[in-house]
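Heads up: the structure comes next, in structure tokens.
The values are calculated or read from the model by the stated rules, or taken from the named source; none is laboratory data. The shown structure was predicted, so the numbers you read here are calculated from the model rather than taken from an experiment. Don't worry about glycine lacking a Cβ; one is built from the backbone with ideal geometry, like all the others, and counts go over all protein chains shown.
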Amino acid sequence: MLTLYREELRAVMRGRFAWMGAAIVLLGLGGLAAVATQDSWLDGYGVIGYFLAPVCFLPLAAGAIASPRANRFVESVFTAPVDRRDWFVAKVLVVSTLAAAYYLAVAPLAVVYVANVGIPFLLAKFLIWTPGILLVCVAVGTLIGVLFIGPSVAPPVATGVGVMLVYAVLVPLQELLVTRGYGATATGHVALISPLVLLKNGLGFTLATSAVPASTFATWVCLGLIVCGSFALAAWIFLRTQGVESWEASSGQRTVIVLGLVALVLVPALFANTDYDKDAPARNNAPSIPGLFMRGGGQLALVDPRATAPAACCDTLLNRDKWPSLPTSQPTRQDLLLFLPVNTKQRLARLDIHVTGQSGLDVQVLPTASVDIGHDLETRTYSPGIGPADADGQRIETGWVARIPVTLVPNAPWDIGGVRYPIDVDATYLVEGSSQATTLSARAAVEAHVPNALAEMAGAGAVLPLFCFFAIFMRWKRTR
């Protein structure tokens, strides 16, 4: 069997465009991983690299298992002195090896992420979810591959694509149903047809919703039934109910096949756990800042030292339109502008401002004393109807602006890009002629990134494609 496995594995890469296809796929994954470093890498690239791409092994496995039937190579297996069982196991191992190679191919990208950030909860689950997805896809793809014995691989591949889409689509559908409180309804049970949903529930994590099943025993049993049942049914069909060119199954065997397929679909939908009563763990250490990142309407702006306020002002994500964003663990000198709801016709007798960074953002105010009213106040003219409202509720047309020199040092990032830190500003001011001071509280955020992460991710993603291109060159050199 080992000899068969070795020769079948060599045959896979003996195709004219095999190495080229592998290089293009790896380049796409590496490039996507590098681009995703500019925003939340784990949510963006993680879903694609650890969920959507592995699901594609389902039609690949179906086509690989069905191709010997289509090209009539299976006739040699049935007539040569080779045990059909050994050949079948070797073929499944080849597909499993390709799946393992994919998992190893995305490992360098994860290593770069872990080296800069650590292992957040969601990535730890992804690293288990992905091999589970690959195993499920190889099992179900193998079963689909043996069910078709015609002269073309189109039917099994098309069926594999259809099953792949159903499995993938049911994941966000299940999350939506759980979010709306319908996880235990009939439609919620239908979503459990997907083994990807079962695996996610069993591991106890979510992609978007906030609840996971409180119990998982039945979920794991159903998942084991799908994997082991698919492999067992596929092997039994290939070895006991099929001949060289046609089916040789009796009526009883056909009944067993139908009942087996029905069980693989209905048992998880009927018996898997749906008690979504447990709060989902936090996916990472990102702070919860609800409703902060809307555009417009902010009272704060962040500009370069002595620069004027932006014309379109102001987002609550202060450096939304700046690239690159703030580097983590490095000081960045900026000016924080606070737009006071005070008309310039009124004089300020006192102004105290305190700036505080949250979730690892170190804010150093320079100078540390109160803002000098005589030197650090500026004016800003607003378009009619969009200025801040004063104490009487009237929109001001020209108001005071306090410029606060600050040094920002984002620390403890929880991602390599798109890391958003809250920043709180509390101001107390006294208008001349008034006996009572007014307190103003404003909240915004700044975005930061891990420096050099883009280059590191691009370099890690280019290692294996370069190896593939080297293999292409060596093959061309031998065969030209």
>> Here are the criteria: (1) of a type outside the set (Lys, Arg); (2) within 24 Å of ASP43 (Cβ to Cβ); (3) in a loop (DSSP other than H, G, I, E, B). Tell me which single one ALA168 does not satisfy.
In response: (3)
> Which of the residues that make up segment 165-192 are acidic (Asp, Glu) and surrounded by fewer than 19 Cβ atoms within 10 Å (Cβ to Cβ)?
Replying inline: none
> Name the residues in segment 379-396 that are more than 16 Å from GLY298 (Cα to Cα) and touching a residue at least 40 places away in the same chain (Cβ under 8 Å), would you?
Replying inline: ALA391
> Does at least one position in segment 288-302 carry a residue that is among the aromatic types (Phe, Trp, Tyr), more than 16 Å from THR398 (Cα to Cα), at pLDDT below 90 and in the same structural domain as SER441 (by TED's automatic domain parsing)?
Replying inline: no
> Is it the case that some residue within segment 129-141 is over 21 Å from GLY224 (Cα atoms), touching a residue at least 40 places away in the same chain (Cβ under 8 Å) and touching a helix residue (DSSP H, G or I) at 6+ places or on another chain (Cβ under 6 Å)?
Replying inline: no
> Quick one: in segment 196-214, which of the residues that are among the aliphatic types (A, V, I, L, M) and out of contact with any strand residue (DSSP E or B) (no Cβ under 6 Å at 6 or more places or on another chain) is nearest to ALA53 (Cα to Cα)?
Replying inline: LEU196
> For segment 39-56, which residues satisfy the criterion of being part of a helix (DSSP H, G or I) and surrounded by fewer than 19 Cβ atoms within 10 Å (Cβ to Cβ)?
Replying inline: ASP43, VAL47, ILE48, PHE51, LEU52
> Any idea how many residues of segment 255-278 are in contact with a strand residue (DSSP E or B) (Cβ under 7 Å, 6 or more places away or on another chain) and either modelled with pLDDT of 95 or more or among the aromatic types (Phe, Trp, Tyr) (or both)?
Replying inline: 1
> Can you name every residue in segment 448-464 that is surrounded by 22 or more Cβ atoms within 10 Å (Cβ to Cβ) and out of contact with any helix residue (DSSP H, G or I) (no Cβ under 9 Å at 6 or more places or on another chain)?
Replying inline: ALA448, HIS449
> Looking only at segment 317-353, which residues are assigned to a loop (DSSP other than H, G, I, E, B) and crowded, with 21+ Cβ neighbours inside 10 Å?
Replying inline: LEU318, ASN319, SER325, THR328
> Out of segment 117-156, which residues are modelled with pLDDT under 95 and within 21 Å of ALA66 (Cα to Cα)?
Replying inline: GLY145, VAL146, LEU147, PHE148, ILE149, GLY150, PRO151, SER152, VAL153, ALA154, PRO155, PRO156
> Does LEU430 count as part of a strand (DSSP E or B), surrounded by fewer than 18 Cβ atoms within 10 Å (Cβ to Cβ) and among the aliphatic types (A, V, I, L, M)?
Replying inline: yes
>> Looking only at segment 404-422, filter to residues that are surrounded by 18 or more Cβ atoms within 10 Å (Cβ to Cβ) and farther than 27 Å from LEU123 by Cα; which one of those is modelled with the highest pLDDT?
In response: LEU408
> What is the residue count in segment 214-241 for residues that are among the small types (Gly, Ala, Ser) and touching a residue at least 40 places away in the same chain (Cβ under 8 Å)?
Replying inline: 6
> Is it fair to say ASP362 is assigned by TED's automatic domain parsing to the domain that holds ALA402 and at pLDDT below 90?
Replying inline: no
> Would you call LEU26 crowded, with 16+ Cβ neighbours inside 10 Å, closer than 29 Å to ARG478 by Cα and in the same structural domain as PHE121 (by TED's automatic domain parsing)?
Replying inline: yes
> What about ASP426, is it out of contact with any strand residue (DSSP E or B) (no Cβ under 6 Å at 6 or more places or on another chain) and at pLDDT 90 or above?
Replying inline: no
>> Restricting to segment 193-218, and then to whatever is of a type in the set (Val, Ile, Thr) and either within 19 Å of SER230 (Cβ to Cβ) or not assigned by TED's automatic domain parsing to the domain that holds ILE48 (or both), can you tell me which residue is surrounded by the fewest Cβ atoms within 10 Å (Cβ to Cβ)?
In response: ILE193
